Amino acid sequence: MGSNLILGIVIAIIVIAAIIYGIGFFIRKKNQEKLKALEDRKKALFDLPIKDEIDDIKKMHLVGQSQNSFKEWNQKWEKLSTDNFAELESQIFEVENLNEAFRFVKAKAAVDKAQKTMDNMEKEIGKVRDELNELRESEERNSLKVQQALDIYEGMKKTLRQEGEKFGPAFAEIQKQVKSVESEFTQFITLNTSGDPIEAREVLETAEKHTFELEELMKKVPEEYEKLHNIFPGQLEEIADGYQTLMDEEYVIPKENFEEDIAHVKRRVENSVEDLEKVEISTVEADNDETANQIDQLYDVMEREIAAKRYVVKNRKALADYVDHATSNNRQLLIELDHTSQTYTLNHNELARVRGFQSEIEEIARRNDSVDPKLEAHEIPYSEVQSFYKDAFEILDGVESEQVEIDQALRDLRKEETAAQDRADDFEFKLRSLKRFVEQQRLPGLPGEYLDFFFGVTDRLEELDDLLNKTRVDMDDVNELVAICAEDLDVLQEKTHDMVDEAALTEQMMQHANRYRHSHTEVKASIDRTLDLFNYEYRYKDALDEIGTALERVEPGAFKRIEDFYYENRKELV
């Protein structure tokens with residue numbers, strides 16, 4: 001028993017030792033892998049061509065700000081390549097010793113410290129390389145930009161040399177600005193070739209800005225000069241010649257001081273030429289736009305008068321004829337109104353309207369009579385006459401439209417009277433037919449309410465007949481009463497058929513109810529009450545309700561069955 005215990009303890013110790021060894025072996029292997037990764041990263045840093053990059057930049061012979069920047073980053077690299085690399089080597093060596101000695105906890109801390117150092121070195125070296133690369137590329141960019149700007153500059157010089165006349169009085173000032181840009185490029189080239197690309201870039205940006213501004217200016221000046229030198233003077237000369245032609249043909253220009261306006265525009269052109277000489281291009285552009293607008297206005301004045309003359313010549317006789325035509329129509333319409341008013345009442349102010357037309361026509365004739373002598377004497381602008389003609393035609397068109405409307409309304413009065421008389425005759429026939437229909441039913445009597453409505457309809461038909469037989473028929477009243485009579489007759493017809501149906505249904509119900517007369521006292525009482533309502537009070541609907549209710553109590557569904565039978569055989573039963 002004791003020997004077995006000892007054996008178990010020994011085996012346990014061996015197992016624990018094996019586990020500890022296995023864990024140690026695993027941790028040691030992991031640390032070795034991290035060391036391998038650190039060695040690879042260190043080698044990659046050592047292999048970077050930073051020394052070659054620095055040597056390339058040294059060959060550029062940098063000075064000034066560029067030289068100071070280079071020194072700063074070169075010193076940063078030297079510190080990284082000596083002190084920082086030495087420190088990293090030391091940390092890696094420490095990790096190797098700790099790992100070999102199985103001091104894993106300290107080894108892990110040392111690995112983390114070495115990795116952090118490596119991270120910082122990679123970051124700092126990357127920053128150094130970026131700055132050195134930017135310094136080198138700035139020189140290359142300057143070279144490219146200067147070539148682009150110089151190409152534009154050379155193009156401007158060539159344009160001035162070959163096409164200088166296109167710039168007119170602005171040539172001297174533009175040439176002066178070109179020389180100023182040339183001076184800026186000279187300064188840039190001096191800085192760039194002496195090894196200071198950063199300062200050179202600032203000068204280049206200024207030169208570029210002035211180059212592009214001057215390029216834009218040189219695009220605008222020829223267009224504005226063309227307006228001032230050729231377009232505007234040619235237009236003003238054309239306007240002056242055209243104005244003189246109109247004067248020779250005895251036109252009357254509605255715009256006062258037309259010649260002074262021409263002279264004013266000429267002075268504007270002269271002032272703009274002076275501004276162009278100073279290359280005040282924004283002012284010249286704005287003034288030229290306004291000058292063009294004023295020239296267009298002068299053209300418009302003359303073109304309107306020329307077009308107005310054509311219109312006046314074409315429509316002069318047409319207006320006089322239209323006035324005569326409207327006068328004749330109005331005279332005939334007045335005669336027709338007088339004739340019609342003897343037979344019909346005119347309710348729509350027709351006479352006053354036609355007299356108003358006459359006033360409008362006479363006013364147009366009066367104005368036309370005053371315009372004609374002025375036209376003959378060339379004392380009025382054609383545009384003013386054109387405006388009067390257009391207004392006159394519009395008024396006369398409106399007058400004629402209303403004349404036709406009134407004339408048609410007068411003709412319609414006769415048609416409306418005939419139609420109303422026909423309707424009245426139809427109403428009389430329908431009323432007589434309804435009366436005969438009721439008489440044929442041999443009812444014991446008629447309800448008072450029905451008789452009142454029947455006689456009311458009769459009275460309105462008589463009233464309609466009286467209106468139609470008046471010496472002067474008022475068709476508004478007639479048409480209104482026709483509509484009322486038509487509606488009343490429709491209602492009367494409905495009331496008549498309802499009354500007849502109620503009476504007939506009551507008789508049908510009574511016949512059916514008689515079979516219960518002796519067996520049901522309540523039915524007998526209802527039959528007696530129904531007979532009173534039917535024969536003496538003529539309340540056929542109440543009679544139907546009375547007998548129908550009693551019958552439904554003793555024979556449910558009988559009312560609906562008898563009603564359906566009645567309406568299916570109505571023609572034979574009524």
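The values are calculated or read from the model by the stated rules, or taken from the named source; none is laboratory data. Worth saying up front: this structure is predicted, and the values here are computed from it rather than measured. Here the Cβ is made from the backbone with ideal geometry for all residues, glycine too, and neighbour counts use every protein chain on show. Heavy atoms of the whole protein, side chains included, go into the accessibility calculation; ligands, DNA and RNA do not. Shrake-Rupley method; radii C 1.70, N 1.55, O 1.52, S 1.80 Å.
Miscellaneous remarks
- Residue list for the stretch 243-267, filter: open to solvent by 50 Å² or more (accessible area, probe 1.4 Å) and either in a helix (DSSP H, G or I) or over 26 Å from Leu375 (Cα atoms) (or both): Gln244, Thr245, Met247, Asp248, Glu259, Glu260, His264, Lys266, Arg267
- Restricting the stretch 533-564 to residues that are without any contact (Cβ under 8 Å) to a residue 12 or more places away in the chain and surrounded by 14 or more Cβ atoms within 10 Å (Cβ to Cβ), the residue that is farthest from Met499 (Cα to Cα): Glu552
- A search for C-beta distances below 7 Å between a residue of the stretch 463-481 that is over 10 Å from Thr345 (Cα atoms) and any residue that is among the charged types (D, E, K, R) and in a loop (DSSP other than H, G, I, E, B), counting only pairs 6+ apart in sequence or on different chains, returns Leu467/Asp474.
- Scanning the stretch 268-284 for residues that are open to solvent by 70 Å² or more (accessible area, probe 1.4 Å) and among the β-branched types (Val, Ile, Thr) yields nothing.
- Scanning the stretch 364-374 for any residue that is in a helix (DSSP H, G or I) and under 30 Å from Asp412 (Cβ atoms) turns up at least one such residue.
- When Lys209 is tested against the conditions (1) part of a helix (DSSP H, G or I); (2) among the charged types (D, E, K, R); (3) surrounded by 14 or more Cβ atoms within 10 Å (Cβ to Cβ), the lone failure is (3).
- Scanning the stretch 469-484 for residues that are buried (at least 17 other Cβ atoms within 10 Å of the Cβ) and either assigned to a helix (DSSP H, G or I) or of a type in the set (Ser, Thr, Tyr) (or both) returns Met475, Val478, Leu481, Val482.
- Top-ranked residue in the stretch 227-269 [being among the hydroxyl-bearing types (Ser, Thr, Tyr) and in contact (Cβ under 8 Å) with a residue 12 or more places away in the chain; ranked as nearest to Ala308 (Cα to Cα)]: Tyr251
- Here Gln511 meets the list (1) open to solvent by 10 Å² or more (accessible area, probe 1.4 Å); (2) in contact (Cβ under 8 Å) with a residue 40 or more places away in the chain; (3) part of a helix (DSSP H, G or I) almost entirely, failing just condition (2).
- Counted residues, the stretch 324-357 - those being surrounded by fewer than 18 Cβ atoms within 10 Å (Cβ to Cβ) and more than 30 Å from Val478 (Cβ to Cβ): 4
- Here Lys374 meets the list (1) touching a residue at least 24 places away in the same chain (Cβ under 8 Å); (2) open to solvent by 40 Å² or more (accessible area, probe 1.4 Å); (3) under 24 Å from Asp300 (Cα atoms) almost entirely, failing just condition (1).
- Reported count of residues in the stretch 532-562, each being in contact with a helix residue (DSSP H, G or I) (Cβ under 8 Å, 6 or more places away or on another chain), part of a helix (DSSP H, G or I), within 25 Å of Glu449 (Cα to Cα) and not β-branched (Val, Ile, Thr), is 9.
- For Ala503: the one exception among (1) farther than 24 Å from Lys435 by Cβ; (2) surrounded by 15 or more Cβ atoms within 10 Å (Cβ to Cβ): (1)
- Filter result (part of a helix (DSSP H, G or I), of a type in the set (A, V, I, L, M, F, W, C) and at pLDDT below 95) within the stretch 321-352: Leu333, Leu334, Ile335, Leu337, Leu351, Ala352
- Listed conditions (1) in contact with a helix residue (DSSP H, G or I) (Cβ under 7 Å, 6 or more places away or on another chain); (2) of a type in the set (D, E, K, R); (3) open to solvent by 40 Å² or more (accessible area, probe 1.4 Å); (4) within 23 Å of Glu270 (Cα to Cα) are all met by Glu215, apart from (4).
- Flag for Leu492 being closer than 30 Å to Arg411 by Cα and not in a loop (DSSP other than H, G, I, E, B): no
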